[in-house]
Amino acid sequence: MSATGQPDEVLEELRRHARELVAELAGPVRRVRLRSGGTVLEVEWHGSADAPTTSRTGPQPVAEPAAEAVPGPDRLAVRAPVVGTFYRAPEPGAAPFVTVGDPVRPGQVIGIVEAMKLMNEVTADQAGRVVEVLVEDGKPVEYDQPLLALEPITGRGA
């Protein structure tokens, strides 16, 4: 902590944003990760806004939504971690994080979900190849909604 107390002020601001986000969300949220500079606030609970809050500062590994089965043989999905607006690229006019045919590896960012002006990275947790983009850029998404369909990569992959 610096002599000015700035990290504490940043962490308190992140906590305030997290409380506002939780108040707006419908349904249980698995994880919310807020970052401001080197300060990171992670909140994780299962069905209760009263569950404990964990905060950390400094660079942290990103662990985001699990890839789960999508209807159809041998398909996985990367799902929305929160309710918000899905973006396929880091900024307007930029190339998308991934496109159909691209291989992805665990931890790779595949998109962003904006919730209350906070950008939440969406990452794959399993290796696969993108076979379908299930949500258009800039469209609203629900918690746990499939965003991308992947086919598992066998042998040598991503």
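The values are calculated or read from the model by the stated rules, or taken from the named source; none is laboratory data. Values in this document were obtained by computation on a predicted structure and should not be read as measured data. Using ideal geometry, Cβ is built from the backbone for each residue, glycine included, and neighbour counts are taken over all protein chains shown.
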Residue under evaluation residue 96, criteria (1) within 21 Å of residue 154 (Cα to Cα); (2) modelled with pLDDT of 95 or more; (3) within 16 Å of the chain's Cα centre (by Cα), criterion not met: (1)
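Let's see how each residue does on (1) surrounded by 14 or more Cβ atoms within 10 Å (Cβ to Cβ); (2) outside the structural domain of residue 82 (by TED's automatic domain parsing); (3) on the phi > 0 side of the Ramachandran plot:
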{"site": "101", "(1), (2), (3)": "no, no, yes"}
{"site": "104", "(1), (2), (3)": "yes, no, no"}
{"site": "112", "(1), (2), (3)": "yes, no, no"}
{"site": "117", "(1), (2), (3)": "no, no, yes"}
{"site": "124", "(1), (2), (3)": "yes, no, no"}
{"site": "134", "(1), (2), (3)": "yes, no, no"}
{"site": "137", "(1), (2), (3)": "no, no, no"}
{"site": "141", "(1), (2), (3)": "yes, no, no"}
